[in-house]
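Each value in this text was obtained by applying a stated rule to the coordinates, not by laboratory testing. Here the structure is a predicted model, which means the values were calculated and not measured. Heads up, the Cβs are rebuilt from the backbone with ideal geometry, glycines too, and the neighbour counts pull from every protein chain shown.
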């Protein structure tokens with residue numbers, strides 16, 4: 001738009017270019033009409049000569065052999081044609097000016113206005129005129145681009161909100177399943193459990209509720225998943241490993257479940273246990289959908305990273321799943337209607353937010369294997 005402004009030819013200058021042409025055509029036409037009128041009068045005088053001259057009330061009148069109205073017509077035709085010619089030239093100049101300078105930009109602007117009013121922004125306003133209307137078309141294009149970008153930002157925001165809502169709903173499932181398992185356990189064996197065991201179960205339920213409350217507050221405070229940031233607090237890895245084992249047993253239900261803590265049990269590290277447990281629960285829940293009979297979990301510390309590997313004895317990941325499983329809303333061929341396709345996607349984001357990574361692969365002895373790593377500051 002700036003380049004157009006520098007070399008812009010104003011409509012006033014363009015109009016002034018048409019005025020000399022119009023005047024030239026008017027003068028040439030009037031000259032031709034004058035000559036034609038003289039010839040017409042000469043021809044009338046030749047065919048209808050003056051026969052008598054009369055003086056009436058001091059006025060001289062020529063009496064001709066032809067009809068008087070023919071003479072009046074021959075005498076005034078030049079004036080009438082001159083007026084008509086001037087009107088024609090001015091009109092023609094105006095039409096040519098409109099057709100060459102105004103018609104195309106106005107049509108472009110009208111079409112752009114209609115599309116913008118209908119919220120149709122996937123087009124471009126292109127005009128090669130180097131005048132004020134060309135600049136106006138450039139301004140319309142800038143406005144369309146800004147509106148298009150604004151609409152895209154709004155659309156992305158809505159999509160992020162949808163993904164966040166779906167992720168939140170997804171992540172509530174496992175904690176609720178764990179709490180439901182504890183409730184059923186108390187309901188079935190409440191009278192047979194010792195006070196110490198009952199208090200232990202209630203403490204675990206309280207821990208789940210506190211973690212769920214913290215996670216809910218964190219999710220409510222963000223606008224999209226990428227806005228989540230870990231809140232690190234000191235925690236004993238032995239306590240986290242114990243919670244992982246209890247949670248895994250409840251989530252796996254009737255499936256065989258084994259948990260192995262390789263090392264690090266006595267280490268106190270600074271981590272966001274809520275986000276870590278959310279990753280772990282998603283991994284176990286995902287493995288439950290594909291396992292045939294058992295799920296094996298191993299956890300430990302490798303350098304500055306806390307690692308957890310979840311291995312199921314199912315069919316393993318397909319080639320497509322190995323490539324796309326961590327993408328949002330991807331659902332494999334097996335049980336596609338039983339989940340949203342968000343579990344591994346959420347795990348991937350939460351691992352990266354905690355300075356780690358997510359590795360999806362097939363185990364050498366069969367089945368799927370997912371390893372999550374997060375930075376563990378001791």
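Mind giving me the FRET efficiency for residue 98 and residue 122? R0 is 45 Å, r the Cβ-Cβ distance, nearest 0.05 is fine.
0.90
For a quick protection proxy, order the peptides 229-241, 364-376, 279-291, 140-152 by their average other-Cβ count within 10 Å, most packed first.
With the highest mean Cβ count within 10 Å placed first, the list reads 279-291, 364-376, 229-241, 140-152.
How high is the FRET efficiency from residue 322 to residue 258, r the C-beta distance, R0 30 Å, rounded to 0.05?
That gives a FRET efficiency of 0.75.
Quick one: if the Förster radius is 30 Å, what FRET efficiency do residue 21 and residue 151 give, using the C-beta to C-beta distance and rounding to 0.05?
The value I calculate is 0.05.
How much length is gained on full extension from residue 293 to residue 179, taking 0.36 nm per residue of separation minus their Cα-Cα distance? Intermediate values should be presented prior to the final figure.
Values: separation 114, 0.36 × 114 = 41.04 nm, distance 2.31 nm.
Net length gain for the segment: 38.7 nm.
For 43, 37, 298, which order do you get if you count the other beta carbons within 10 Å of each Cβ and list the fewest first?
43, 298, 37
Compute the distance in nm between two label points, each set 7 Å from the Cα along the Cα-to-Cβ direction, one at residue 31 and one at residue 73.
3.0 nm
May I ask you to sort 293, 258 by Cβ crowding, counting other Cβ atoms within 10 Å and putting the fewest first? If you can, show how the numbers build up before the last one.
Values: 293 10, 258 14.
If I rank by nearby Cβ atoms, fewest first, I get 293, 258.
In nm, to one decimal, how far is the residue 39 label point from the residue 352 one, both placed 7 Å along Cα→Cβ?
8.8 nm
Once the principal axes of the Cα atoms of region 249-310 are found, what is the range along each, listed largest first in whole angstroms?
Ordered largest first, region 249-310 gives principal extents of 34, 21, 16 Å.
Would you kindly state how much longer the chain becomes between residue 239 and residue 84 on full extension, computed as 0.36 nm times their sequence separation minus their alpha carbon distance, in nm to one decimal?
Working: separation 155, 0.36 × 155 = 55.80 nm, distance 10.34 nm.
Result for the pair: 45.5 nm of gain on full extension.
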